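Okay, so here's the structure we're looking at.
Where a number appears in this text, it was derived from the coordinates with a stated rule and is not lab data. Fair warning: this is a prediction, and the values are worked out from it, not measured in the lab. Using ideal geometry, Cβ is built from the backbone for each residue, glycine included, and neighbour counts are taken over all protein chains shown.
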Amino acid sequence: MTHQSHGQFTGAPLDAGRQIAQLRHVLGLVEELAGRGSDRACRDSALDEGAQISSIYGNALPIIRRRFDALACETVAWSAVGVEALLAAGEPRSAAAARQLANELQRSLADLLKLLRV
């Protein structure tokens, strides 16, 4: 068994703050499709939060960073498919689906932040 110090990371790390900000942006767009108002102040504060998240991510243990990366990539993949489906369905039929997608995105974002203990 090899020993790996927690300061060492193999693979290309994500910019965690940017990843969270992008997912929040997608969430805002989906909420608009769902007929929910999107909070501009919340989006602006996400920029400040991004730097903090990136710093916490950089100091996290490698196993935490790998789990964060996997969950973030998974969330990006299914949210992209969901948004494509919403756009293809058209506005009158997509409001309920958009609400469900927004709820799932909110849960996933909360899970990502919980991993980093933010």
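Can you tell which of Ser94, Ser55, Ser45, Ser108 is within 20 Å of Ala16 (Cβ to Cβ) and in contact (Cβ under 8 Å) with a residue 40 or more places away in the chain? Only one candidate qualifies: Ser108. In the stretch 81-117, the residue that is surrounded by the most Cβ atoms within 10 Å (Cβ to Cβ) out of those that are farther than 12 Å from Phe68 by Cα and basic (Lys, Arg) is Arg99.
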